[in-house]
Amino acid sequence: PTSKLRPGSIEFKGVRTQASYTVFCWNILGVSFLLSGIVSYMLNKGHEVPPALLRATILAWETAAPNTLLVAAVVRYSIWPQILEKTGDTTNCRTWRALTWHNANVAIALTEVALL
């Protein structure tokens, strides 16, 4: 069956760079680290940590980690092969921003797992 969707392109510049799933994963990983830092700081200062903050911290981590690995797998095993098959031009995938988002995202998540 043919699709009723019309082909188009989205220009990712400025705030629109925050629209992709990769960036969502990067941002939620940052939120996870921020919340973990706040919990650690509060405990270090002898304050009681609210249960809602603990839940939010765990939820952010449990959302970020698997989605980060999912992004890496999809990019490596689906998107890159499709690009290589169609045009062979991976210039847009090799920019410093794209490589940082995909590779550092996984490295940071795995570092967190190693330190748990």
For this session: Could you list, in sequence order, all residues of the stretch 79-100 that are of a type in the set (Ser, Thr, Tyr) and farther than 21 Å from residue 17 by Cβ?
Result: 87
Exercise. Has the stretch 9-31 got at least one residue that is at pLDDT 85 or above, open to solvent by 40 Å² or more (accessible area, probe 1.4 Å) and over 18 Å from residue 103 (Cβ atoms)?
Worked result: yes
Problem set entry | Whichever residue in the stretch 101-116 is among the β-branched types (Val, Ile, Thr) and open to solvent by less than 70 Å² (accessible area, probe 1.4 Å) and, among such residues, is nearest to residue 22 (Cα to Cα) | 106
Exercise. Restricting the stretch 80-100 to residues that are of a type in the set (A, V, I, L, M) and modelled with pLDDT of 85 or more, which is surrounded by the fewest Cβ atoms within 10 Å (Cβ to Cβ)?
Worked result: 84
For this session: Please work out which one of (1) open to solvent by 80 Å² or more (accessible area, probe 1.4 Å); (2) in contact (Cβ under 8 Å) with a residue 24 or more places away in the chain is the condition residue 44 fails and give its number.
Result: (2)
For this session: Name, by its number, the condition in (1) touching a residue at least 12 places away in the same chain (Cβ under 8 Å); (2) of a type in the set (Val, Ile, Thr); (3) assigned to a loop (DSSP other than H, G, I, E, B) that does not hold for residue 39.
Result: (3)
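Which ones in the stretch 64-79 are open to solvent by 40 Å² or more (accessible area, probe 1.4 Å) and closer than 18 Å to residue 109 by Cβ?
66, 69, 70, 73, 74, 76, 77
The values are calculated or read from the model by the stated rules, or taken from the named source; none is laboratory data. It should be emphasised that the depicted structure is a prediction, and the values quoted were computed from it without experimental measurement. Cβ atoms come from the backbone with ideal geometry, glycine included; neighbour counts cover every protein chain shown. SASA here: full protein model, heavy atoms, side chains in, ligands and nucleic acids out. Shrake-Rupley method; radii C 1.70, N 1.55, O 1.52, S 1.80 Å.
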